[in-house]
Amino acid sequence: MNSCMSAYKISSNVYWVGAIDWNIRDFHGYKTARGSTYNAYLITGSKNILIDTVKRPFYDEMIARISSVILPENIDYIISNHAEMDHSGSLDLAIKECSPSKVYVSTMGKKALKAHFHDRIDFSIFEEVSGKSLDIDEAHFDFVETRMLHWPDSMMSYYRNEGILFSQDGFGMHLASSERFFDELDPSLLYEEASRYYANILLPFSPVVDKQVNSLVGLNLDIKIIAPDHGPIIRRSLDIQTVISNYLKWAKQIPVSKAVVVYDTMWQSTETMARAIVDGICSKGVKVVSIKMKSSHRSDLAAEILESGALVVGSPTINRNIYPTIADGMCYLKGLAPKNKLAYSFGSYGWSGEAVGILGGYFDEMRLDKKEGLKVNYVPTTQDLIKCFDYGVSIGNDILGRIEN
Ligand code: FEO
């Protein structure tokens, strides 16, 4: 065990005892360019309580950090806010080593953990607490049910003594850093990574997020610290208000004056079309982000689409289908179920030209506001590129019309 690893004090008797995964670059298909953290927390007092654990390979790191404060066997209780394995993956090891007298979970959490650990955990010590307030000796908790934010088992635990909301995945981000607090980091980096996290993890659950976060706000908890399971801990009142209002904004998916033009290309014809379309949109003063899928990642596309008013997808027809990288991007986006987007398609073709129709089929399945697509045979002429530019102008006008209304 690495004994140089220490806990990090976040309030009078609460410590961060998690792990930093500096080099993870793929989190179940989501590109985590800046790594991540798995945050576990230790509350000390007449009873010692561990909140969440870490991904299994980082178990020793968590134990080393706990050991810098108390002996792990002196942990009396564990609270498991979320069953996904980046937080529960070492729960069986922690139970074995710490022998807690109880593990507090949500009702769905107990079911999910049973389906993960089967007979490797003695579930008779589990107590279902979601939606309840409970005094654990001198520690007072409100367990807030946050089902589908973002798994059925998800709950948040509010520690009344210190005003700390242990928010599991909510309000977190994939960001490895030596700093533990939100206010120690660059605000633009935080916005980028928090919105990227929302787009890639929480977007499909936006209607539930809206409801759950509004319910949380309605509880009028005196939140002094938000301690999520990933990324930095939020302690400044203004930052707490900002992250909550960002969630309410993203959950509503209110479009801004922005288009995402995503494409791939075989012989540069669709790329040439994309460049003319981008110019047309720009000419209306609408922000554009252009993504060539061959040199980008699906999670970059998801991040850019979050606040955009239009999704513009270009693919050549290849073997009566869309280009494979575009299929990857569309499959991923379909699962994330973005809303409130105008949707456009374009592409070059040789003889059959199915790509634009296939993209239109994706838009229908995603229930986006589909507009007519644009095709060019083989290589675009100057006249074709003027049509592409004009197509971009009409996209810009549509976005401005949508925003103004
Ligand atoms: Fe960070 Fe849903 O696990």
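Students often forget the sequence filter, so: which lysines lie under 26 Å Cα-Cα from LYS284 once same-chain residues fewer than 8 apart are removed? Leaving aside lysines fewer than 8 places away in the same chain, those within reach of LYS284 are LYS249, LYS252, LYS258, LYS292, LYS339, LYS341, LYS370, LYS371, LYS375, LYS387. Reported to the nearest whole Å, the Cα centre-to-centre distance from segment 28-55 to segment 259-316 is 37.
For segment 77-154, the set of trypsin sites (Lys or Arg not before Pro) satisfying both a DSSP loop assignment and a count of at most 16 other C-beta atoms within 10 Å is given as LYS132. Under 25 Å between alpha carbons, and skipping anything fewer than 8 positions from LYS47 in its own chain: which lysines qualify? In chain and number order, the partners are LYS9, LYS55, LYS96, LYS102, LYS110, LYS132, LYS224.
Between ASP279 and ILE254, the modelled labels are 3.5 nm apart [label points 7 Å from Cα along Cα→Cβ]. Heavy atoms of the protein chains alone define the surface here; on that basis the chain has 41 Å² accessible area per residue at 1.4 Å probe size.
Taking only protein heavy atoms and a 1.4 Å probe, the accessible area of the chain is 51% carbon and sulfur. A simple spin-label model places the labels of SER188 and ILE125 4.9 nm from each other, with each point 7 Å out along Cα-to-Cβ.
Rounded is the label for segment 14-170, because a/c, from the alpha-carbon gyration tensor with a ≥ b ≥ c as root eigenvalues, stays below 1.5.
Counting only whole DSSP H helices of the chain, the ones at least 27 Å long by C-alpha along their axis and with mean Kyte-Doolittle hydropathy no lower than -0.5 are 382-404.
Taking 17 Å as the straight-line reach from the Cα of LYS211, the aspartates and glutamates in range (excluding those fewer than 8 positions away in the same chain) are GLU145, ASP153, ASP169. For the set LEU93, LEU342, LEU374, solvent exposure ranked by accessible area (probe 1.4 Å, protein chains only) runs largest to smallest as LEU93, LEU374, LEU342. What's the longest piece of the chain with no exposed chymotrypsin sites (Phe, Trp or Tyr not before Pro), counting a site as exposed if DSSP puts it in a loop and it has at most 16 other beta carbons within 10 Å? That gives 23-266 as the longest site-free run. Would you kindly find the accessible area of SER299, with a 1.4 Å probe and non-protein molecules such as ligands, DNA and RNA excluded, rounding to the nearest 10 Å²? Approximately 0 Å² for this residue.
Please compute, over every Cα-Cα pair in the chain, the percentage with a separation greater than 37 angstrom. Counting pairs separated by more than 37 Å, the tail of P(r) holds 32 percent. Over the chain, DSSP H runs of length four or greater, each weighted -39,500 (n - 2.57), average out per residue to a 222 nm ellipticity of -10500 deg cm²/dmol.
For segment 155-296, give the share of DSSP beta bridges that are antiparallel, in percent and rounded to the nearest 5; count only bridges with both residues there. Approximately 30 percent, going by the DSSP bridge assignments.
Relative to one another, the C-alpha centroids of segment 389-405 and segment 91-163 are positioned 49 Å apart. Which of the three applies to segment 249-405, rounded, prolate or oblate, going by the alpha-carbon gyration tensor with a ≥ b ≥ c and a/c under 1.5 meaning rounded? Oblate shape, in that a/c is at least 1.5 and b/c is the bigger or equal ratio. Each of LEU134 and CYS331 was given a label point 7 Å from its Cα along the Cα-to-Cβ line. The distance between the two points is 4.1 nm.
The values are calculated or read from the model by the stated rules, or taken from the named source; none is laboratory data. Source: prediction; values computed, not measured. Neighbour counts are summed over all protein chains in view; Cβ atoms, including those assigned to glycine, are modelled from backbone coordinates with ideal geometry. Please note that ligands, DNA and RNA were not included when accessible areas were found on the heavy atoms of the full protein model with its side chains. Shrake-Rupley method; radii C 1.70, N 1.55, O 1.52, S 1.80 Å.
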